[in-house]
Amino acid sequence: MPTPSEVLAQIPMFALLDDGERAALAERVDAVREPAERQLFHAGDPGGAMYIVLEGEVELFFKNATGERFVLQRARAGDFFGEISLLDGGARTTSALVTEPLHALVIDRGDLEQFLAVCPTAAVDLMSAMGKRMRETAELLRGTASRNANVESEDNRSAVQKSADWISDFSGSLPFLFLHVFVFAVWILLNTAPLANTTIGGFDAYPFGLLTMCVSLEAIILSVFVLLSQNRQVARDRVRNDIEYDINLKAELEIAHMHEKVDHIYEQLTGRLANIERAMRATPSLGATVETR
């Protein structure tokens with residue numbers, strides 16, 4: 001088993017230190033052991049510490065708005081994680097689950113401040129590691145944004161689809177009806193007496209076979225365009241239904257996440273209360289004072 005100083009020498013951000021500086025830093029770090037299936041922390045938990053894996057494996061993951069689980073990294077021997085919250089002191093950006101029994105070194109914010117004071121140039125290596133992690137996260141997040149049904153169906157239309165939508169909309173309007181009534185009335189008047197006997201009439205005598213053929217052809221063509229538009233409407237409704245499903249799923253998962261957080265907080269509180277109770281029992285004078293009060 002390598003010593004903590006030897007482990008630090010294998011980490012890029014600590015490789016710039018000499019043996020004495022690494023040995024001084026190794027004296028300040030803590031070693032932890034965690035069993036498999038142990039949740040080290042959840043996304044949103046307070047941070048301030050970085051882990052360096054000596055043995056075992058830790059899965060770093062997060063869940064997006066729809067509850068889809070994305071694994072960012074499987075940290076194994078020689079890998080490190082938790083450096084973001086270590087630097088800014090903010091909340092954890094991912095969750096960490098121990099998948100194989102873990103033996104790791106823990107460096108807190110005070111250790112990092114001492115380390116950077118000794119070797120400030122190592123901050124560049126830390127920034128490079130963070131940049132690589134952010135690039136991987138950005139690639140995973142690409143294309144996971146919610147879709148807009150109108151953008152999906154309208155902006156991607158071809159010329160034929162736009163024409164079909166326009167014809168379908170116009171054929172179901174009152175101007176379309178009034179136009180046809182006017183054309184039919186003029187057509188019938190021109191082909192019935194007395195205009196049928198003039199130079200401008202009489203081209204389609206009763207029972208108006210030419211008009212019947214034109215109306216039949218128009219009905220066939222219109223029906224095709226209307227069906228094309230209806231098919232697009234079905235596809236648009238399918239996208240809208242998918243978006244509504246994503247919204248409902250997101251709400252359900254947010255509620256489930258709140259339950260997990262409450263359970264996690266409850267577990268921590270009960271553990272702390274148990275520790276306080278054991279401490280009070282171990283101190284009889286304090287317990288007697290409390291009972292007197």
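The values are calculated or read from the model by the stated rules, or taken from the named source; none is laboratory data. Since we're looking at a predicted model, the values are computed, not measured. For neighbour counting, all protein chains shown are included, and Cβ atoms are generated from backbone atoms with ideal geometry for every residue, glycine included.
Let's see how each residue does on (1) assigned to a helix (DSSP H, G or I); (2) assigned by TED's automatic domain parsing to the domain that holds V118; (3) modelled with pLDDT of 85 or more; (4) within 22 Å of T93 (Cβ to Cβ):
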{"position": "G20", "(1), (2), (3), (4)": "yes, yes, no, no"}
{"position": "A24", "(1), (2), (3), (4)": "yes, yes, no, no"}
{"position": "R28", "(1), (2), (3), (4)": "no, yes, no, no"}
{"position": "V32", "(1), (2), (3), (4)": "no, yes, yes, yes"}
{"position": "A36", "(1), (2), (3), (4)": "no, yes, yes, no"}
{"position": "L40", "(1), (2), (3), (4)": "no, yes, yes, yes"}
{"position": "M50", "(1), (2), (3), (4)": "no, yes, no, yes"}
{"position": "E55", "(1), (2), (3), (4)": "no, yes, yes, no"}
{"position": "V58", "(1), (2), (3), (4)": "no, yes, yes, yes"}
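When the residues of the range 196-211 are narrowed to those that are in a helix (DSSP H, G or I) and modelled with pLDDT of 80 or more, which ends up nearest to D165 (Cα to Cα)?
L211
Taking the range 21-57 on its own, how many of its residues are more than 18 Å from S5 (Cα to Cα) and free of Cβ contacts under 8 Å to residues at least 40 places away in the same chain?
0
Search the range 2-18 for residues being in a loop (DSSP other than H, G, I, E, B) and among the hydrophobic types (A, V, I, L, M, F, W, C), and hand back the single one that is modelled with the highest pLDDT.
Filtering first and then ranking leaves I11.
Checking E100 against (1) farther than 27 Å from V32 by Cα; (2) of a type in the set (D, E, K, R); (3) modelled with pLDDT of 80 or more, which single condition isn't satisfied?
Failing condition for E100: (1).
Looking at the range 212-229, I want the residues that are modelled with pLDDT under 90 and have a partner that is of a type in the set (A, V, I, L, M) with Cβ atoms under 6 Å, at least 6 apart or on another chain. Which pairs are those?
Listed pairs, sorted by first residue: F225/A164; F225/I167; L228/A164; S229/A164.
Could you tell me whether S163 is without any contact (Cβ under 8 Å) to a residue 24 or more places away in the chain, within 48 Å of the chain's Cα centre (by Cα) and not in a loop (DSSP other than H, G, I, E, B)?
In short, no.
Filter the range 51-90 down to the residues that are hydrophobic (A, V, I, L, M, F, W, C) and more than 21 Å from V29 (Cα to Cα), then identify the one that is surrounded by the most Cβ atoms within 10 Å (Cβ to Cβ).
The residue in question is L60.
Does E55 satisfy the criteria of being among the acidic types (D, E) and farther than 25 Å from Q268 by Cβ?
Criteria met by E55.
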